[in-house]
Amino acid sequence: MPPRITRAILRWLPALAWMALIFWFSSQPDLPRPANDLLNLILRKSAHAGVYAVLALLYVWALGGWRWRWWAFGLAALYAVSDEFHQSFTPKRHPTATDVLIDCLGAYAGLRLGPHLLPVIVERVRSWAAGRDPAGAERRA
């Protein structure tokens, strides 16, 4: 397989894996929930937004960069709609337009915050992998 095709496939794998994870969660008829209804609502809707923020960023990576961010947003929105449609076939689950809106807001937030947060995250991961703490001091054994 030509290297260019191999790179393209590897770039799409994280997004596809994340989509599969979303699909799996949407297939669950009953997810664990806290006893408090308000806390349950907050956690579930925050999860919707966070999951789609990550999905949008993974789409940016798969598509090849920030110049494709609006395509990434569109793909995330389409996946949100398809996910809600999928839930209509899952017992005890109900599709809602509100969830699609929350998913889209999460994707948008991810795309707005990503350019600011990702460099910090990448630097912290690199520091950790090199055996330094985030401040740059060497770890002592």
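Quick rundown of the values:
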{"item": "Proximal charge balance of Glu84 [Cβ under 15 Å; K/R count +1, D/E count -1]", "result": "+1"}
{"item": "Using distinct alpha-carbon pairs, which all enter the 1/r mean, Kirkwood radius of segment 1-118 in Å", "result": "15.0 Å"}
{"item": "Fewest-first sequence of Arg93, Arg4, Arg44 by Cβ atoms within 10 Å of each Cβ", "result": "Arg4, Arg44, Arg93"}
{"item": "Assigned charges on the beta-carbon of Lys, Arg, Asp, Glu; segment 1-101 dipole about Cα centre (debye)", "result": "420 debye"}
{"item": "In Å, descending, principal axis extents of the Cα set of segment 55-104", "result": "39, 17, 11"}
{"item": "Helix-only [θ]222 nm of the chain, DSSP H runs n ≥ 4, -39500 (n - 2.57) each, per residue, nearest 500", "result": "-26000 deg cm²/dmol"}
{"item": "Largest-first principal axis extents, alpha carbons of segment 1-64, Å", "result": "53, 20, 10"}
{"item": "Ranking of Glu84, Glu123 by count of other Cβ atoms within 10 Å, fewest first", "result": "Glu123, Glu84"}
{"item": "Gaussian network model of the chain, Cα within-10 Å springs - most flexible of Trp12, Trp68, Trp128", "result": "Trp128"}
{"item": "Linear extension gain, Ala129 paired with Leu113, 0.36 nm per residue minus alpha-carbon span", "result": "3.4 nm"}
{"item": "Pair Arg44, Leu105: separation of 7 Å Cα→Cβ label points (nm)", "result": "1.6 nm"}
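A short reminder: the numbers here are calculations on the coordinates, not readings from a lab. Keep in mind it's a predicted model, so treat the numbers as computed, not measured. Here the Cβ is made from the backbone with ideal geometry for all residues, glycine too, and neighbour counts use every protein chain on show.
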